[in-house]
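K.L.:
Sending over a structure as structure tokens; questions will come in a sec.
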Amino acid sequence: MDEIFKQQVWEITKLVPKGRVTSYGAIAKAVGYPNHSRHVGKAMGGCPKDVPAHRVISSSGTLSVPEFQIKLEAEGIVVENFRIKNFKKLFWNPLEEL
């Protein structure tokens, strides 16, 4: 995974609106690498503080990082059993919304 890929992932992630969530797969598609959601997850691992990594979750609506629940709830997102309530309604698709 190269630095350019990471930068692209971080730039798209910065655009996810507060109170919304997206998936690793949606970001992978948006940067031109469909089926590379795991690479997106790895890129999120060491991302800068200004990248809202907590807004990127699995496509099933489940939190990959349980610690992100506090940050999501602070933005008004309801989380039950590590799943986003109203996930489909809150989902932000970069391919449709950019």
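The values are calculated or read from the model by the stated rules, or taken from the named source; none is laboratory data. Not measured: the values here are computed from a predicted model. When we count neighbours, we look across all protein chains shown, and the Cβ atoms used for this are built from the backbone with ideal geometry, even at glycine. Surface areas here come from the heavy atoms of the whole protein model, side chains and all, with no ligands, DNA or RNA. Shrake-Rupley method; radii C 1.70, N 1.55, O 1.52, S 1.80 Å.
K.L.:
Only residues that are of a type outside the set (A, V, I, L, M), part of a loop (DSSP other than H, G, I, E, B) and in contact (Cβ under 8 Å) with a residue 40 or more places away in the chain: list them for region 72-98, please. Spell out how you get there, then give the answer.
P.N.:
Here is the first cut: in region 72-98, the ones of a type outside the set (A, V, I, L, M) are 73, 75-76, 80-83, 85-89, 91-94, 96-97.
Now narrow it down to the ones that are part of a loop (DSSP other than H, G, I, E, B): 75-76, 81-82, 85-86, 92-93.
Passing the criteria: 75, 76, 92, 93.
K.L.:
Can you pull out the residues in region 45-71 that are closer than 16 Å to residue 6 by Cβ, at pLDDT 95 or above and in a helix (DSSP H, G or I)?
P.N.:
53
K.L.:
Between residues in region 29-47 that are closer than 16 Å to residue 59 by Cβ and residues that are aliphatic (A, V, I, L, M) and open to solvent by 60 Å² or more (accessible area, probe 1.4 Å), which pairs lie under 7 Å by C-beta distance while being six or more apart or on different chains?
P.N.:
Between residues of region 29-47 that are closer than 16 Å to residue 59 by Cβ and residues that are aliphatic (A, V, I, L, M) and open to solvent by 60 Å² or more (accessible area, probe 1.4 Å), the close pairs are 29/95; 30/95; 39/1.
K.L.:
Which one of the conditions (1) open to solvent by less than 50 Å² (accessible area, probe 1.4 Å); (2) touching a Leu at 6+ places or on another chain (Cβ under 9 Å); (3) of a type in the set (Asp, Glu) does residue 97 fail to meet, given that it meets all the rest?
P.N.:
All conditions pass for residue 97, except number (1).
K.L.:
Counting only residues that are open to solvent by 60 Å² or more (accessible area, probe 1.4 Å) and of a type in the set (A, V, I, L, M, F, W, C), which one in region 20-78 is farthest from residue 98 (Cα to Cα)?
P.N.:
So the residue we want is 70.
K.L.:
Taking the condition of being under 26 Å from residue 85 (Cβ atoms) and not β-branched (Val, Ile, Thr), how many residues in region 27-44 meet it? If you could, list the steps in order and put the result at the bottom.
P.N.:
Step one: of region 27-44, the residues under 26 Å from residue 85 (Cβ atoms) are 27-30, 37-38, 40-41, 44.
Filter once more, keeping what is not β-branched (Val, Ile, Thr): 28-30, 37-38, 41, 44.
Total meeting the criteria: 7.
K.L.:
Those residues that are over 22 Å from residue 66 (Cβ atoms) and crowded, with 16+ Cβ neighbours inside 10 Å, I need them from region 81-94; list them, please.
P.N.:
Selection gives 94 alone.
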